[in-house]
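Down below is the structure, laid out as structure tokens.
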Amino acid sequence: MRKFLVVFEKTKTGYSAYAPDLPGCIATGRTKSETEKNIYEAIQFHLDGFKEEKVKIPKMKAESEIFVFG
């Protein structure tokens with residue numbers, strides 16, 4: 001089992017998402033739920049491509065933290 005950080009961003013027309021540890025792995029959608037489905041499929045497609053090409057799958061390096069300011 002592998003874990004990858006996914007970043008979601010609100011856009012003018014919906015949402016976008018990307019996985020920092022998988023360059024080029026992005027997805028969009030009208031809703032966050034649709035974008036979650038799309039990025040999951042995009043990551044799976046990306047990983048399948050690595051396996052097919054016999055390329056080592058990168059390990060998760062990205063981290064996130066939320067800071068709250070008053």
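For the residues 43, 39, the requirement of being β-branched (Val, Ile, Thr), touching a Leu at 6+ places or on another chain (Cβ under 9 Å), surrounded by 10 or more Cβ atoms within 10 Å (Cβ to Cβ) and at pLDDT 95 or above singles out 43. Evaluate the following for residue 59: is it surrounded by fewer than 11 Cβ atoms within 10 Å (Cβ to Cβ), more than 15 Å from the chain's Cα centre (by Cα) and part of a loop (DSSP other than H, G, I, E, B)? In short, no.
If the condition is being crowded, with 19+ Cβ neighbours inside 10 Å and within 20 Å of residue 61 (Cβ to Cβ), then region 5-17 contributes 6, 17. A Cβ distance below 9 Å, combined with a sequence gap of six or more or placement on separate chains, defines the contacts here; from region 25-49, residues that are farther than 13 Å from residue 4 by Cβ reach residues that are among the hydroxyl-bearing types (Ser, Thr, Tyr) and assigned to a helix (DSSP H, G or I) in the pairs 28/35; 29/35.
The values are calculated or read from the model by the stated rules, or taken from the named source; none is laboratory data. Just so it is clear, the model here is predicted, and its values are computed rather than measured. Quick reminder, even Gly has a Cβ in these numbers, built from the backbone with ideal geometry, and neighbours come from all protein chains shown.
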